[in-house]
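Reviewing the structure listed below.
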Amino acid sequence: MADLDSLEQNPLLATSGLPDFAAIRPEHVVPAVQKIVTEATEKLVQVEAQLAPTWEESLAKLEELDRPFEYGWKPVGHLFGVKNSDELRVAYETVLPQVVEFGLRASQSEPIYRTLKQLRDSAEWGKLSEAQQRIITDRIKGAELSGIALTGEQRERFNAIEQELSQLSTDFSNHVLDATKAYSLDVTNAADAEGWPSTLRNLAANAWNAAHKDVATPATPAAGPWRVTLEFPLFGPFMEHCRNGALREQLYRAFVTRASTGDLNNEPLIVRFLKLRQEKARLLGYKNFADVSLARKMAPSVDAIRKMFQDLRSAAWDAAVKDLDDIRQLRASRGDNAPLNVWDVAFWAERLREERYAYTDDELRPYFPFEKVLDGLFQLLGRLFEVTINQQTDVSVWNPDVRYYRVHDAAGKQIASFYLDAFSRPENKRGGAWMDDCLGRRKMGGQLQLPVAHLVCNQTPPHGDTPSLMSFREVETLFHEMGHGLQHMLTKVDFADCAGINGVEWDAVELPSQFMENWCYHRPTLLSLTGHYQTGEPLPEALFEKVRAAKNYRAGSMMLRQLLFGMTDIALHTEFDPTGIESPHELNLRISQQTSVLPLLPEDRSLCSFQHIFSGGYAAGYYSYKWAEILSADAFSAFEEVGLDNADAIHLTGQRFRDTVLALGGSQHPMQVFKAFRGREPKVDALLRHSGLAKG
Ligand SMILES: [Zn+2]
């Protein structure tokens with residue numbers, strides 16, 4: 001056991017200011033988190049014993065329980081992502097189950113559930129603000145969806161279903177993983193590797209070497225041999241660049257039949273999943289699993305989602321037909337008139353892309369030095385939302401490259417701050433990009449705690465005298481994460497459970513992030529981010545036009561592909577009958593007739609590797625990608641309508657966006673928030689126009 005002295009110096013037990021990131025060591029984790037969990041569990045027992053159906057005697061006390069976790073547990077999770085080590089992983093895994101157990105105990109507490117329901121039905125209810133009512137309603141719903149209102153046999157059955165679903169989910173993803181590993185295709189003929197980009201050659205030669213450790217002559221990227229697998233970084237580029245159609249066919253067939261035979265066959269698991277989810281929905285009093293999913297989302301009904309699918313489908317179909325014609329034409333012009341197969345599409349689409357918009361990341365990077373991009377972004381935020389952003393250098397951080405910025409309002413008052421961890425560090429930092437909350441806005445004992453955000457990217461670091469030069473995708477990613485960060489930081493809500501991104505329905509949460517990405521295609525904004533790192537010259541017009549045109553390349557085909565996933569997901573969770581004669585694959589093929597200009601192979605078993613809806617969190621939720629795109633495009637179109645180059649009008653619209661979408665967060669239903677900003681419900685028009693799919 002840690003003695004008292006060391007606990008006093010443990011930075012994870014601080015309860016004010018910013019977390020002391022530089023001082024946190026893996027050995028601090030277990031003693032601090034165990035102390036926090038033990039004390040919180042004791043306090044939870046006290047709270048449960050003294051509950052009364054008022055805000056002060058229920059939720060206010062529960063909010064206080066959260067706070068030590070904000071200082072003692074959140075930073076651990078953060079460092080797990082950005083400064084990982086074996087020691088930290090062991091410490092993290094030691095305490096994780098205790099933290100999870102405490103969270104479940106609090107969210108599924110029966111006395112709390114009963115008290116909150118009493119409060120909802122009492123005269124007190126009318127005295128609460130809308131934000132407080134949302135917090136309580138959401139908490140009640142969350143508890144009910146975890147089966148709290150069930151009793152006796154029904155409760156037992158519900159728990160058994162949950163357990164089995166959790167096991168199915170693990171088995172499903174293990175099968176996909178094992179099936180992916182079990183397959184490989186060796187390419188030994190150098191002619192078949194002609195035209196491959198160097199990244200594909202490197203990866204494929206490495207993959208061959210990893211499988212042939214003791215050979216005298218290892219593979220080289222230039223001369224092979226090469227091994228291609230079903231991992232996406234190899235599969236994707238191979239389908240785009242391998243000239244040998246017979247090899248593409250082999251790999252494609254293997255890809256769409258992954259985990260569909262023998263011990264690794266996911267088909268029976270899919271049927272079982274759907275049967276259990278249906279039963280779970282009925283136990284909870286819903287018609288089907290899609291209704292369970294929608295109970296805590298913005299989309300009002302399955303019908304509204306189906307209408308969205310049809311609107312998008314009818315706009316995308318003709319464009320997708322033309323996409324395919326273009327490919328056939330190019331292929332014919334190069335002397336190939338054989339019928340087009342599904343495994344030919346990616347290859348010829350890539351040839352056409354090269355012909356039309358060829359530019360490489362490396363051509364663009366010199367125009368996007370990191371400092372210039374940041375400066376342009378901060379100025380845009382000033383113009384839109386009246387905030388100024390200033391770096392502060394004397395703050396404790398986990399890596400010398402990490403920066404800390406304060407955000408001030410028009411009156412010069414600090415309202416928020418954020419850490420920016422921009423560069424890739426493969427040795428200890430997870431890939432990808434994300435925004436996370438460090439501290440949430442909340443009022444505690446009359447004191448206001450300001451929100452603090454983490455913005456994490458993985459862009460190219462500086463090298464010698466060369467600054468960090470960003471690819472266009474990296475610029476978009478920075479804007480995206482800043483959009484999430486703004487919703488966290490510009491919130492005006494004082495209750496942590498619905499301040500910023502908290503309490504925002506899952507299918508609405510990408511609104512501010514995708515909204516910000518739109519600015520990367522606005523010419524003056526984009527040019528303000530550019531200045532060649534050696535000459536200061538802005539991005540040349542011709543390159544900008546290529547970037548803009550390439551954005552919508554094959555937009556109709558891409559749209560239909562996403563619709564196939566979304567429509568199949570909804571159909572499986574509404575109309576599919578696990579005891580009926582149509583199998584899940586047949587259902588998928590039937591839906592694909594509406595979404596696939598070139599028919600899928602009859603033996604296509606892609607559902608067997610559709611992890612989003614079977615082992616990810618997207619069951620009856622895949623539609624959210626498109627739903628959120630409609631919201632963000634429509635929000636951006638409010639700016640287009642007043643004229644993107646009209647500074648005064650943009651300023652006013654920006655303020656309205658700040659005061660609604662960014663300020664209200666989860667304190668109101670997202671449809672209400674959207675209408676407060678836009679003056680009406682969302683429409684698909686802007687998304688179609690931005691994707692080049694609008695008719696007429
Ligand atoms: Zn996002």
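The values are calculated or read from the model by the stated rules, or taken from the named source; none is laboratory data. No experiment lies behind these values; they were computed from the predicted model shown. Please note: Cβ atoms are built from the backbone with ideal geometry, for glycine as well, and neighbour counts cover all protein chains shown. To get the accessible areas, we keep the full protein, side chains included, count just its heavy atoms, and leave off ligands, DNA and RNA. Shrake-Rupley method; radii C 1.70, N 1.55, O 1.52, S 1.80 Å.
Per-structure values
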read-out: Carbon + sulfur, % of accessible area of the stretch 199-345 - ligands and nucleic acids excluded, 1.4 Å; value: 52
read-out: Computed [θ] at 222 nm, deg cm²/dmol, the chain (DSSP H ≥ 4; -39,500 (n - 2.57); rounded to nearest 500); value: -17500 deg cm²/dmol
read-out: For L18, distant residues with modelled amide H under 5 Å away; value: none
read-out: Neighbour cut-off at most 12 other Cβ (10 Å), DSSP loop, chymotrypsin sites (Phe, Trp or Tyr not before Pro), the stretch 163-253; value: none
read-out: Accessible area, probe 1.4 Å, largest first, for residues Y623, Y113; value: Y113, Y623
read-out: Amide H contacts under 5 Å for A422, placed H, 5+ residues apart; value: R403, C457
read-out: Within straight-line cross-link reach of K307, lysines at Cα separation under 16 Å, skipping those fewer than 8 residues along the same chain; value: K626, K683
read-out: Computed over the stretch 551-674: relative contact order in percent, which uses C-alpha pairs under 8 Å that are six or more apart; value: 20
read-out: Karplus-derived HN-Hα couplings along the stretch 662-670 (A = 6.51, B = -1.76, C = 1.60, θ = phi - 60°), whole Hz, x at Gly and Pro; value: 7, 7, 7, x, x, 7, 9, 4, x
read-out: Qualifying trypsin sites (Lys or Arg not before Pro) for the stretch 209-305 [loop in DSSP, other Cβ within 10 Å: at most 15]; value: K213, R243, K287, R296
read-out: Backbone HN-Hα couplings from phi across the stretch 261-276 [Karplus 6.51/-1.76/1.60, Hz, Gly and Pro as x]; value: 9, x, 5, 9, 5, 8, 4, x, 5, 4, 4, 5, 3, 5, 5, 5
read-out: Å² per residue, accessible surface of the chain at 1.4 Å; value: 45
read-out: Carbon and sulfur %, accessible surface of the stretch 419-464 computed with the full protein complex present, 1.4 Å; value: 52
read-out: Cross-link reach list, lysines versus K213, counting only Cα pairs under 22 Å and skipping chain neighbours closer than eight places; value: K181
read-out: Candidate aspartates and glutamates for bridging to K275, where Cα separation is under 16 Å - those fewer than 8 sequence places away on the same chain excluded; value: E162, E164, E267, D291, D569, E575, D577, E582
read-out: Only Lys, Arg (+1) and Asp, Glu (-1) charged, at Cβ; the stretch 433-534 dipole about Cα centre in debye; value: 340
read-out: Surrounding net charge for G262, when Lys and Arg each add one and Asp and Glu each subtract one, Cβ distance under 13 Å; value: -1
read-out: Normalised contact order of the chain, rounded percent, pairs of Cα under 8 Å and 6 or more residues apart; value: 15
read-out: Radius 15 Å from Cβ of L527, net charge of other residues (Lys, Arg +1; Asp, Glu -1); value: 0
read-out: Restraint check, K43/K675; K83/K297; K83/K546; K43/K141, Cα-Cα greater than 31 Å; value: K43/K675; K83/K297; K83/K546
read-out: Accessible surface of K322 - all protein chains present, 1.4 Å probe, nearest 10 Å²; value: 110
read-out: Most positive-pole-ward Cα, Y521, P339, L384, against dipole of the chain from beta carbon charges; value: P339
read-out: Among A686, S166, L269 the positive-end extreme of the charge dipole of the chain (Cβ point charges); value: A686
read-out: Total charge dipole magnitude, the chain, about the Cα centre, Cβ charges on Lys, Arg, Asp, Glu only, Debye to nearest 20; value: 1200
read-out: Kirkwood-Stokes translational diffusion coefficient of the chain, alpha-carbon pairs, 10 °C, 1.306 mPa s, µm²/s; value: 57
read-out: Sparse-neighbourhood loop sites, GluC sites (Glu not before Pro) in the stretch 49-158 - DSSP loop, at most 13 other Cβ within 10 angstrom; value: E56
read-out: Solvent accessible area, Å² - V407, 1.4 Å probe, full protein context; value: 10
read-out: Rounded accessible area of V271 (nearest 10 Å², 1.4 Å probe); value: 40
read-out: Cut-off 12 Å between beta-carbons: net charge of the residues surrounding K74, Lys and Arg +1, Asp and Glu -1; value: -3
read-out: Per-residue ³J(HN,Hα) for the stretch 223-239, Karplus 6.51 cos²θ - 1.76 cosθ + 1.60, θ = phi - 60°, Hz, x for Gly and Pro; value: 10, x, x, 10, 10, 10, 10, 8, 5, 4, x, 9, 4, x, x, 4, 5
read-out: Percentage relative contact order, the stretch 394-514, counting C-alpha pairs under 8 Å, at least six apart; value: 22
read-out: Heavy-atom accessible surface of the stretch 1-84: percent carbon and sulfur, 1.4 Å; value: 53
read-out: Rounded to the nearest 20 debye, dipole of the stretch 148-237 from Cβ charges on Lys, Arg, Asp, Glu; value: 280
read-out: Selection from P400, S109, G431 lying farthest towards where the dipole of the chain points positive, charges on Cβ; value: S109
